[in-house]
Amino acid sequence: MIKKFYLIVFVSLITVSAIFAQPQQQVTKADTSGVKPVSGAANTTNTLDIHFNGFAFLDDHEYDALIPLRKTISGTRTEIDMGYNVDSLNHFVMGVNPLHEFGGVPFYVQVNPVAYYSYTGKHWLYNMGEFPRNDLLQYPRALINDSVQYYRPNVEGALLRNKNRFGYETAWIDWISRQTPTQRNEFMAGEMIKFAPNPGHAFYIMHYLLFMHDAGTKSDTAAPIRDQGGFQMRLGLDYSHRTVFDSLKFEAGYMFTEYRVRSQYSWRTSDGFVASVYISRKRFSIFDEFYKGEPNYLTFGDPFYSKTIYNRLDVMYAAFIGKHLKGQFFMGFHQSPSHLSDTQPGFRVVYDIGRKVLARFKDDN
């Protein structure tokens, strides 16, 4: 089955070559959907700016199907950073992103540094360091659960993205843990592609690839080495702003995963069918996901995809929307074998003031 995995990678590389061998032209607004460089990066030369954003969340996981995972996730994330813009292309950013869980002691149970270099060209984006993942890596929940954003908001590594009128490709690597006498060596890497063969029309193709490596500590070199990978290929139709709905998207495709413990067994695989629909109008939106296939076991994937059949329906209402602020109620309904009434109520407040210039410096030249 490892040959099957390598075949998928090989086909992916051929697809990438075909996409980006096309002449690069001016990117339209529709083409850049979901493609963002440094969040609100100031396109000015020799300036110092500040950026403040974050979110508060209350996410109640009432899972009878997954009783060991039942818990209420609640707290706040507040990121503040300062950036030095050498010019419109080159940026250096440093800051912090602390997490407070309501009722938690100490007050900040986790503080993630933000420190990275970013190149933001017309067709290329390159980040290296510790940088926010949210706008850059929007994977299906089956591969990377959305709860990861609460506890691991940054990529620690590098990301490269190319975009043109046909879509975009993103390649990235994220170190989860560096090997020490007590910590394991863990990293994730992946690739994400959107390809619209006829720009401006509804049809598009989405491709996601994920690989994770988990090795032992320095003091336990005999510990089992675990590898796992996931793949999705989706065909989509985007009718956003073409009907009475603000957003109307349909996707369906194939999912494949594999995992192994090197000293115990070789690659074990699973595959299945995935589909989703997203509809929004004004303050209301719904998002429905469906899976049918073999159980999947990915460390950062949604655990519901260990079921052979699963459906999730999210109903959302934006209670208030401001210039830099959005508050949203949501209710998730989970249906899996023998458990058709699992729910996930919650509320989120997201705020982002954008980047504000603090100082401008004279050019020495």
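In this structure, does G253 turn out to be small (G, A, S) and in contact (Cβ under 8 Å) with a residue 60 or more places away in the chain? Taking the combined requirement at face value, the residue does not satisfy it. The selection criterion, being part of a loop (DSSP other than H, G, I, E, B) and charged (D, E, K, R), holds for K362.
Counting only residues that are touching a residue at least 12 places away in the same chain (Cβ under 8 Å) and of a type in the set (A, V, I, L, M), which one in the range 326-357 is farthest from Y84 (Cα to Cα)? Across the range 326-357, the extreme among qualifying residues is M331. For the residues K282, K292, K323, the requirement of being closer than 26 Å to N97 by Cα, among the charged types (D, E, K, R), surrounded by fewer than 17 Cβ atoms within 10 Å (Cβ to Cβ) and without any contact (Cβ under 8 Å) to a residue 40 or more places away in the chain singles out K323. When the residues of the range 150-178 are filtered to those that are over 21 Å from L298 (Cα atoms) and among the hydrophobic types (A, V, I, L, M, F, W, C), the one that is least open to solvent (accessible area, probe 1.4 Å) is L159.
May I ask you to list the residues in the range 260-274 that are open to solvent by 20 Å² or more (accessible area, probe 1.4 Å) and either more than 17 Å from L210 (Cα to Cα) or among the polar types (S, T, N, Q) (or both)? Selection gives R262, S263, Q264, Y265, S266, T269, F273. Within the range 279-306, the set of residues being over 13 Å from R141 (Cβ atoms) and not polar (S, T, N, Q) comprises I279, R281, K282, R283, F284, I286, K292, G293, E294, P295, Y297. Condition first: within 30 Å of T180 (Cα to Cα) and in contact with a Pro (Cβ under 8 Å, 6 or more places away or on another chain). Can you find one or more residues in the range 273-282 that meet it? For the range 273-282, residues within 30 Å of T180 (Cα to Cα) and in contact with a Pro (Cβ under 8 Å, 6 or more places away or on another chain): absent. Considering each residue of the range 306-314 in turn, at least one proves to be among the hydrophobic types (A, V, I, L, M, F, W, C) and more than 17 Å from N145 (Cα to Cα).
Restricting the range 326-338 to residues that are open to solvent by 50 Å² or more (accessible area, probe 1.4 Å) and outside any loop (DSSP other than H, G, I, E, B) leaves a set whose member that is nearest to D288 (Cα to Cα) is F333. Looking only at residues of the range 55-86 that are among the small types (G, A, S) and on the phi < 0 side of the Ramachandran plot, we find that the one that is nearest to the chain's Cα centre (by Cα) is A56. The residue pairs whose first member lies in the range 141-161 and is at positive phi, whose second member is surrounded by fewer than 19 Cβ atoms within 10 Å (Cβ to Cβ) and among the hydrophobic types (A, V, I, L, M, F, W, C), and whose beta carbons are closer than 8 Å, counting only pairs six or more residues apart or on different chains, are G157/M128; G157/I173; G157/W175; G157/F187. When restricted to residues that are in contact with a strand residue (DSSP E or B) (Cβ under 8 Å, 6 or more places away or on another chain) and surrounded by fewer than 18 Cβ atoms within 10 Å (Cβ to Cβ), the range 76-97 contains 12. Filtered by the rule that a residue be open to solvent by less than 30 Å² (accessible area, probe 1.4 Å) and closer than 24 Å to G293 by Cβ, the range 232-259 gives Q232, R234, G236, G253, M255, F256, T257, E258. For the range 244-277, a residue qualifies if it is among the acidic types (D, E) and within 17 Å of F304 (Cα to Cα), and the qualifying residues are E258, D271.
Yes/no per residue for (1) farther than 24 Å from E258 by Cβ; (2) open to solvent by 50 Å² or more (accessible area, probe 1.4 Å); (3) of a type in the set (D, E, K, R):
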site: T180; (1), (2), (3): yes, no, no
site: A202; (1), (2), (3): yes, no, no
site: M206; (1), (2), (3): no, no, no
site: H213; (1), (2), (3): no, no, no
site: S219; (1), (2), (3): yes, yes, no
site: G230; (1), (2), (3): no, no, no
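Can you find, within the range 134-149, the residue that is surrounded by the fewest Cβ atoms within 10 Å (Cβ to Cβ) among those that are in contact with an Asp or Glu (Cβ under 8 Å, 6 or more places away or on another chain) and under 24 Å from N185 (Cβ atoms)? Filtering the range 134-149 for residues that are in contact with an Asp or Glu (Cβ under 8 Å, 6 or more places away or on another chain) and under 24 Å from N185 (Cβ atoms), the one surrounded by the fewest Cβ atoms within 10 Å (Cβ to Cβ) comes out as S147.
Among the residues of the range 46-75, those that are open to solvent by 40 Å² or more (accessible area, probe 1.4 Å) and assigned to a strand (DSSP E or B) comprise L48, I50, F52, L58, E62, K71, T72.
The values are calculated or read from the model by the stated rules, or taken from the named source; none is laboratory data. As the structure is a prediction and not an experimental result, all values here were calculated from the model. We place every Cβ from the backbone using ideal geometry, glycine too, and count neighbours over all the protein chains shown. Just so you know, the surface numbers come from the protein's heavy atoms only, side chains and all, with ligands and any DNA or RNA stripped out. Shrake-Rupley method; radii C 1.70, N 1.55, O 1.52, S 1.80 Å.
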